[in-house]
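Some notes on the structure that comes next.
The values are calculated or read from the model by the stated rules, or taken from the named source; none is laboratory data. Note that the structure is predicted; figures quoted are calculated from it, not measured. Here the Cβ is made from the backbone with ideal geometry for all residues, glycine too, and neighbour counts use every protein chain on show.
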Amino acid sequence: MPPAQAGAHIRLPAWLLVSIVAAIGFNLRATLGAIPPLLDSIGEDLVLSASTAALLTSVPILCMGLFAPVSQLVAARIGAEGTAAILLGVLAVSSLMRFWVGSIETLLFSTALAGIGMGGISSLMPGLIFHHLPRIPGAATGVYSMAMAGGVAIAAWIAGPTADLLGGWRPALALWGLAAGITTICWSALLPRLSAAAPRDPVLQGVARGRLPWHSPTARRITTFTTLNMLIGFSGVAWIAPTFVHHGFSPQHAAGLFALFQIIQLGAMLSLPLLTDFTRDRRPLLALTVVSTGTGLSLMVLAPTTLALPAVMLFGTGVGGASSLALILIQDATSTQSEAGRLGAMVLSVSFLAGAAGPLLLGSMRDLTGGFTAGYGILLMLSVACLAMLPVFRPGRTVNDVLPHTPPLPGIDTAGG
């Protein structure tokens, strides 16, 4: 039986693959969402300044960026499916160890370990969706993105009550290790069939070991847009709840607004990628997200108390929709799983590394000015920069536009689309 036919017989049902993709997405950012509502408790216990507290978000994001390209090297040797299983296990261990945290150094180490797991898996997911769900990439990406936002929202919403119920912030954070552990077991149970359906073309394996597409103008544009959006979005994840506490809201009310910030992202993350299955030009949808982000940030600067609700809703719509559309841009610009993986690794490594500066920026501006207005003003200027670069995302641009004088590898279609 030819390999292609064998793969067709062992391919898992789409509903099962979408379900496990959603479970991975749900766990992938929950550890970040649980920290901001508990930041005051953590800070009082471990005696943290605002800048040091910001490291709890910035360190994992930094590690996400550093490890995103490394995961591609590992995947080239043992397969993306097996690599994802290992990284899910790392994510589970990183959360479970927080039950025994006794110092800021240990807590930062656990967040760094979580960042390794999150960054590695994030860089693999575009390629995994590309190969295992080729008929519904937009819908699957939307479900995956929506699950990520949902995980952050639920983690934030239950963080305070869970800490009260379990006796402190440590077990409240460690709880998410159990959820990641269950997901690891489920993914590992499917691993034999997932790996059997993985591409075995030696040419593709050679490409996977190749360099990231740094010389591609299309790759650099996608990376720049994603980086700006990631920097803005992670700043919101880290500081929206503390911002509203600073303006006089109760901690639970602030946590509710943060949860709303994530929930609003769910609709944008699910609906906008669905539309991309029926359209080719992404610029109108990208413009919608960037304008929403800029308007929400403007309200955070001008009227954070009286217009808190629309500010959070617009901010969430913008960064949530843009983050899922960035994954679609990666799929648009590539024609194979390995190309998607390499471009995903490039985009995520740069965007995570730069995104780590966002929480630190707002934390530092708060230490310098005593408030958040200046920090949100800087984020607003970055959203204007995102809007200015949208015209370059014309349909048909691919990473293979990069080196027109370099002959394509045999068996690799570089025509693009």
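I'd like the residue in segment 202-223 that is outside any loop (DSSP other than H, G, I, E, B) and modelled with pLDDT of 85 or more and, out of all such residues, is farthest from the chain's Cα centre (by Cα).
My answer is PRO217.
Kindly indicate whether any position in segment 4-21 is crowded, with 23+ Cβ neighbours inside 10 Å, in a loop (DSSP other than H, G, I, E, B), on the phi < 0 side of the Ramachandran plot and modelled with pLDDT of 80 or more.
no
Where residues in segment 41-73 are among the β-branched types (Val, Ile, Thr) and under 20 Å from the mean Cα position of the chain (by Cα), which of them is nearest to THR224 (Cα to Cα)?
ILE61
Residues that are closer than 16 Å to THR226 by Cα, in a helix (DSSP H, G or I), aliphatic (A, V, I, L, M) and touching a residue at least 12 places away in the same chain (Cβ under 8 Å): does segment 301-310 have at least one?
no
Could you grab me the full set of residues in segment 80-112 that are without any contact (Cβ under 8 Å) to a residue 24 or more places away in the chain and surrounded by fewer than 24 Cβ atoms within 10 Å (Cβ to Cβ)?
ILE86, GLY102, GLU105, THR106, PHE109
In the list LEU343, LEU387, LEU325, LEU368, which residue meets the criterion of being modelled with pLDDT of 80 or more and farther than 20 Å from ILE222 by Cβ?
Testing whether each residue is modelled with pLDDT of 80 or more and farther than 20 Å from ILE222 by Cβ leaves just LEU368.
Out of all the residues in segment 280-290, is one or more in contact with a Phe, Trp or Tyr (Cβ under 6 Å, 6 or more places away or on another chain), assigned to a helix (DSSP H, G or I), under 26 Å from VAL70 (Cβ atoms) and not hydrophobic (A, V, I, L, M, F, W, C)?
no
Would you pick out the residues in segment 230-260 that are within 20 Å of the chain's Cα centre (by Cα) and among the polar types (S, T, N, Q)?
SER235
Could you tell me how many of the residues in segment 131-183 are on the phi < 0 side of the Ramachandran plot, at pLDDT 85 or above and either among the polar types (S, T, N, Q) or outside any helix (DSSP H, G or I) (or both)?
3
Can you confirm whether VAL70 is under 24 Å from GLY142 (Cα atoms) and among the hydrophobic types (A, V, I, L, M, F, W, C)?
No, not satisfied.
Let me spell it out: the conditions are (1) out of contact with any Lys or Arg (no Cβ under 8 Å at 6 or more places or on another chain); (2) small (Gly, Ala, Ser); (3) over 28 Å from SER335 (Cα atoms), and ALA50 meets all of them except one. Which number is the exception?
(1)
Surrounded by fewer than 21 Cβ atoms within 10 Å (Cβ to Cβ) and either under 21 Å from TYR144 (Cβ atoms) or in contact with a helix residue (DSSP H, G or I) (Cβ under 9 Å, 6 or more places away or on another chain) (or both): which single residue out of PHE315, PHE258, PHE352, PHE278 fits that description?
Being surrounded by fewer than 21 Cβ atoms within 10 Å (Cβ to Cβ) and either under 21 Å from TYR144 (Cβ atoms) or in contact with a helix residue (DSSP H, G or I) (Cβ under 9 Å, 6 or more places away or on another chain) (or both) holds for just one of PHE315, PHE258, PHE352, PHE278, which is PHE278.
Check ILE263 against each of (1) crowded, with 23+ Cβ neighbours inside 10 Å; (2) under 21 Å from MET230 (Cβ atoms); (3) within 21 Å of the chain's Cα centre (by Cα) and name the one condition it does not meet.
Checking ILE263 against (1) crowded, with 23+ Cβ neighbours inside 10 Å; (2) under 21 Å from MET230 (Cβ atoms); (3) within 21 Å of the chain's Cα centre (by Cα), the one that fails is (1).
Within 25 Å of GLY375 (Cα to Cα), touching a residue at least 12 places away in the same chain (Cβ under 8 Å) and not basic (Lys, Arg), is that true of ALA241?
yes
In this structure, does PRO242 turn out to be in contact with a Lys or Arg (Cβ under 7 Å, 6 or more places away or on another chain), buried (at least 21 other Cβ atoms within 10 Å of the Cβ) and either over 30 Å from LEU390 (Cβ atoms) or modelled with pLDDT under 90 (or both)?
no
For segment 327-356, name all the residues that are within 13 Å of SER122 (Cα to Cα) and of a type in the set (Ser, Thr, Tyr).
SER349, SER351
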